[in-house]
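Below is one structure, written out as structure tokens, with a few remarks after it.
Derivation of every value follows stated rules applied to the coordinates shown; laboratory data play no part. What you see is a predicted model; the values in this text were computed from it and never measured. Cβ sites come from the backbone with ideal geometry, for glycine too, and all protein chains shown count toward neighbours.
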Amino acid sequence: MAENKSDVLQGTLDLMALKTLESMGPVHGYAIARRIEQVSDNGLTLNQGTIYPALLRLQQRGWIKAKWGTSETKRRAKFYSLTRTGRKQIDQETENWERIAATMARFLAQSN
Amino acid sequence: MDWIRILLSRCSAFLHRRRLDEDLDGELRAHIDFAIEENLKSGMPEEQARTAALRAFGGVTQIKETYRLQRGLPFLESIWRDGKFVLRQLRKSPGFAAAVILTLGLGIGANIAVYSLVDAVLLRPLQLKNEKGLVQVFEERPAIGLTKDTPAPANYLDWKRRNHVFSDMAALDGDIFTITGNGRPEEVEVAGITSNLLPLLGTQPFLGRNFTAEEDKPGSAVVLISAGMWQQRYGSDPNVVGRTIHLNGLAYRILGVMPFGFTFPDRSELWVPLSLSTADQLERDSHFLQVYGLLRPGVTIQSARREMSDISLLLQHDYPATNRGLSTSIIPLREQLLGGSRLAIFVLASGVVVLLLITCANVAGLMIARAANRQREAAVRVALGATRLGLLRQGLTECLVLSIGGSGLGVLFALASMPVMRHFVPETIAAWAHPELNWTVLLFTVVVTVTAALGFALFGQSAAATRPQEALSQGSRGSTDTRQKLRSTLVTGEIALTTILLTSTGLLGGSFWKLAHADLGFNPDSVLTLRTELPVSAQTRYREFAARVSFYQRVLDRVEHLPGVIAAGYTTFLPFTNPGGSTTVVIQGAPSLPIGKVNDVEMRVVTPDYFRALEVPLVRGRTFVEVDGENKTPLVVINQRMAQQYWPNDEAIGRQFRFDDPGTPWMTVVGVVGDVHQANVETPSRAEMYFSYDQALSIPGYFKPRDLAVRVAGEPVSYTNAVEHAIWSVDPDQPVSEVQSMRHLVDTRMVNYVLEAKLFTFFSIAALLLSALGIYGLMSYSVTRRTQEIGIRMALGEQREQVLTSFIAAGFRLLLLGLVLGAVGSVVATRLLRSMLYGISGIGWAVGALPLLVLAISVALAAYLPARKAASIDPMQALRSE
């Protein structure tokens with residue numbers, strides 16, 4: 001078990017989930033977790049479970065909504081989708097994240 | 001505004017947490033299932049697929065916990081959890097829970113109940129806005145023994161003009177008017193007031209308006225009516241202002257209606273302008289006003305007294321003929337109005353405070369005992385990693401749960417007590433005195449008691465939580481810890497407080513009881529009374545003495561012949577209605593009196609059967625007979641007090657005296673009757689003389705008989721119609737007023753004694769119950785705590801009886817100490833109360849004995865029951881007990 005697996009910057013996971021929902025449309029929690037793992041190409045190892053508090057956070061802010069539905073494999077699961085506010089919010093959050101990343105990059109470059 | 005949305009979502013989640021928990025479980029299960037499914041597809045064996053799925057997910061419980069923290073209101077949820085835990089704990093010690101809840105309930109309930117009654121009967125009627133600076137100003141003529149005399153108008157006007165200490169002065173003159181022209185004539189008490197009196201008192205009509213200074217002139221026919229009259233006579237008509245009422249045959253315009261309960265100065269129903277005439281304004285020899293003043297802000301009553309005494313000296317100099325030796329006295333209005341009940345209110349109010357203290361002490365003791373008992377448990381939990389804050393929170397939650405229960409019970413008790421309290425209110429004042437739940441006072445009481453409970457719980461818990469090692473090593477074996485001492489102090493203090501409260505309330509209650517049942521000198525039962533005030537103005541025939549005598553004779557003749565009537569008699573003033581009047585006399589053969597001393601004797605004018613009607617006992621000689629009117633020698637009947645005062649060693653019958661006026665004839669004593677309490681029960685009877693109604697002596701017209709007393713068989717009030725018709729058959733225009741039974745009349749005047757006696761009784765019982773409960777709780781708790789010690793002592797061979805005796809003895813040592821302290825306090829309290837005590841001297845044993853017995857029994861039971869239980873179990877088990 002890699003140490004501090006879940007210790008990912010809070011906003012990171014939120015934005016990843018938002019972006020996933022934007023590209024995939026309504027999906028359940030497992031699919032979001034798998035998608036994040038695949039896209040990050042196992043460069044980011046996180047406990048899949050941590051996706052759920054993140055999803056709850058997004059729900060509480062009204063950016064995504066959840067509904068029980070049935071998967072292709074006929075399994076009952078909770079499906080998440082973007083709300084209109086959430087869709088608008090993605091650009092803003094992306095911009096925020098890029099600014100932080102750029103700052104961080106500059107900072108690291110200088111320190112070296 | 002994200003945070004509002006988040007908060008709302010959290011709140012809704014808190015409310016639906018059970019359903020959401022199931023929801024989350026389902027979602028997570030689906031997640032694992034998806035993962036297993038995918039792993040199986042990739043060719044893993046089933047067991048491995050499952051393990052891998054769970055590993056990828058991470059700690060399920062951890063995630064759930066994080067999720068829950070994010071989802072609901074963690075703070076509230078932990079309180080909720082604590083609450084549930086506390087309820088479980090309390091179910092394990094129902095005795096403790098019951099003691100705390102009952103103590104709080106009783107304490108809060110009793111306080112509110114007593115307060116509501118004191119407030120309704122004693123405080124609210126006196127609520128005058130400017131109360132603090134209001135005083136009544138009297139004339140005083142110490143040389144002839146006159147204190148608190150009503151001032152003459154010209155003096156009042158001079159005071160008002162010359163003083164700098166009052167922001168305003170107002171005056172009042174009491175009168176009796178007959179309401180005419182609207183059915184049956186009725187007499188009512190009227191106050192003629194200056195236009196500034198109501199603003200001075202800080203009150204105003206609640207309907208209509210006060211009259212203006214312009215309207216305070218002779219000939220102005222405007223009137224303010226009481227709320228009672230507004231209800232009864234005008235059916236609470238909101239348009240009553242402007243209507244006309246006929247008073248003494250004149251039309252008056254109603255200007256306004258005074259607030260409920262306002263009957264200032266005593267029992268007034270109408271207020272008219274004082275309207276001093278020009279002649280009145282110069283009058284210094286006729287003293288009939290009641291004068292009130294409002295002190296300027298910052299002026300003390302002492303400086304007001306100084307200035308008024310200076311003004312009096314100036315007036316003495318300017319008007320020597322009328323004002324020689326005349327000074328003033330100033331008395332705070334509240335003191336004047338409350339009279340004797342001022343101290344009673346103070347005692348009741350302090351009683352409420354003491355009751356509150358006892359409640360707090362009870363709860364405090366219980367809380368500390370509880371904390372001490374849980375010290376070991378707390379220590380174990382701290383050692384196992386519970387945070388101290390968590391423990392404190394739990395302790396406080398427990399206290400809070402109990403406080404909510406106790407306060408709830410207190411409110412229920414208070415609500416339930418309201419009808420009982422209304423029952424306490426005497427019938428005669430029930431029209432306006434409504435005890436009501438006062439929510440402010442209720443809130444205050446709850447806050448005080450609950451704060452005390454929380455404070456002591458905090459104190460106890462923090463002590464338990466901060467020294468876990470000590471507590472663990474000692475366990476509950478440390479029986480001599482500080483808490484034990486604190487508990488003993490609380491028990492002792494509580495016994496002392498209770499003793500003081502009980503002796504004070506017992507003595508006061510007892511003395512009010514005695515007052516209410518004192519011998520009045522007459523028998524008020526089975527007597528109908530009413531008033532026929534004969535008009536003596538120039539136009540009426542009753543101006544003539546003979547016409548009045550004829551009226552009395554004819555009325556009495558008819559009344560006496562009514563079936564069921566035993567005796568009927570007229571008097572100038574019935575006992576308890578009016579102090580009457582007095583005059584100075586000269587005793588024949590007595591040495592002349594030193595300058596400044598006079599023989600002042602009360603007087604009344606009666607018809608022959610008056611004494612029989614009231615059952616005033618004849619001691620010696622005879623009372624009047626019908627033929628006395630023809631007798632040329634004026635005859636007089638005196639009371640025992642007068643006989644003892646002036647002829648202490650001789651027979652009074654046959655002795656003579658006259659009015660202190662050389663022209664008047666000598667009067668002969670024909671009989672001696674028993675002393676009657678004329679003014680009230682507390683005041684001892686003074687020397688008194690009775691004259692016959694049909695002997696025209698030089699007695700002022702004011703002293704004509706007006707009150708009729710009829711002794712009957714059966715219910716007096718049922719004779720009202722018959723007696724009234726007998727009167728109207730003699731004179732159809734004669735108003736009849738004040739129709740009531742003598743018992744009712746007396747009860748009205750004794751209302752406060754009866755009420756206060758009941759109140760103090762109620763109070764004593766509540767206090768006694770509370771302390772018995774508290775002492776029992778504290779004692780039994782501390783004994784239970786020493787179960788181990790009992791086990792050790794019995795294991796070491798001590799006999800069961802010895803153990804029991806030692807515990808009871810320890811209990812009684814506390815009782816004794818408390819009683820000694822209480823006795824000292826009681827002596828002090830009794831000294832303070834002496835002026836209020838009637839017929840009881842010192843500390844009455846009978847009063848002290850019963851509460852003492854109850855306390856002793858409570859202490860004995862509290863020590864005995866738990867000790868017996870502890871001593872009856874196997875010593876080994878007791879040793880292991882926690």
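Remarks
- Ranked by the mean number of other Cβ atoms within 10 Å of their residues, highest first, the peptides B:510-517, B:601-608 fall in the order B:601-608, B:510-517.
- Packing-based exposure ordering (other Cβ within 10 Å, fewest first) of A:Thr103, B:Thr51, B:Thr532: A:Thr103, B:Thr51, B:Thr532
- Cα-based Rg of the stretch A:10-111 normalised by 2.2 N^0.38 Å, two decimals: 1.16
- Gain in span if fully extended, B:Glu544 to B:Trp3, counting 0.36 nm per residue against the direct Cα distance: 185.3 nm
- Placing a pseudo-label 7 Å from each Cα along the Cα-to-Cβ vector at B:Gln232 and B:Lys148 gives an inter-label distance of 2.8 nm.
- Gain in span if fully extended, B:Arg162 to B:Ala856, counting 0.36 nm per residue against the direct Cα distance: 243.4 nm
- Helix-only CD estimate at 222 nm, as mean residue ellipticity for chain A, using -39500 (n - 2.57) per DSSP H run (n ≥ 4): -19000 deg cm²/dmol
- Which of B:Cys360, B:Cys11 has the fewest Cβ neighbours within 10 Å, and the rest in rising order: B:Cys11, B:Cys360
- Label-point separation, B:His561 to B:Leu54 (7 Å along Cα→Cβ), nm: 11.6
- Summed over qualifying helices (DSSP H, 4 residues or more, each -39500 (n - 2.57)) and divided by its residue number, chain B shows a 222 nm mean residue ellipticity of -18000 deg cm²/dmol.
- Radius of gyration, Dmax [the protein assembly as shown; alpha carbons; angstrom]: 43.2, 144
- Under Karplus coefficients 6.51, -1.76 and 1.60, residue-wise ³J(HN,Hα) of the stretch B:511-528 in Hz, glycine/proline x: 6, 5, 4, 4, 4, 5, 10, 6, 6, 8, x, 8, 10, x, 7, 6, 10, 8
- Here the convex hull built on the C-alpha positions of chain B has a volume of 271 cubic angstrom per residue.
- Straight-line cross-link partners of B:Lys632 among the lysines, defined as a Cα under 25 Å from its Cα and at least 8 positions apart when in the same chain: B:Lys704.
- With bins 5 Å wide beginning at 0, the percent of Cα pairs of the stretch B:534-734 falling in each bin runs 1, 7, 15, 19, 19, 17, 11, 6, 3, 1, 0, 0.
- Seen from B:Ala871, the other residues with C-beta closer than 10 Å to its C-beta sum to a net charge of +2, counting Lys and Arg as +1 and Asp and Glu as -1.
- Averaged over peptide A:28-35, the number of partner chain Cβ atoms lying within 10 Å of each residue's Cβ comes to 4.
- The antiparallel fraction among DSSP beta bridges confined to the stretch B:534-734 stands at about 70%.
- Among the residues of B:63-69, the average count of other protein chain beta-carbon atoms within 10 Å of the residue beta-carbon is 4.
- Going from the residue with the fewest nearby Cβ atoms within 10 Å to the one with the most, B:Met750, B:Met876, B:Met689, B:Met367 rank B:Met876, B:Met689, B:Met750, B:Met367.
- Under 20 Å between alpha carbons - lysine pairs in the stretch A:10-111 that sit 8 or more apart or on different chains: 7
- Other protein chain C-beta atoms within 10 Å of residue C-beta, averaged over A:61-72: 2.
- Within a straight-line Cα-Cα reach of under 18 Å, B:Lys514 can be paired with the following lysines, leaving aside sequence neighbours fewer than 8 residues apart in one chain: B:Lys758.
- Placing dummy labels 7 Å off each Cα toward the beta-carbon, the span from B:Val717 to B:Glu335 is 3.9 nm.
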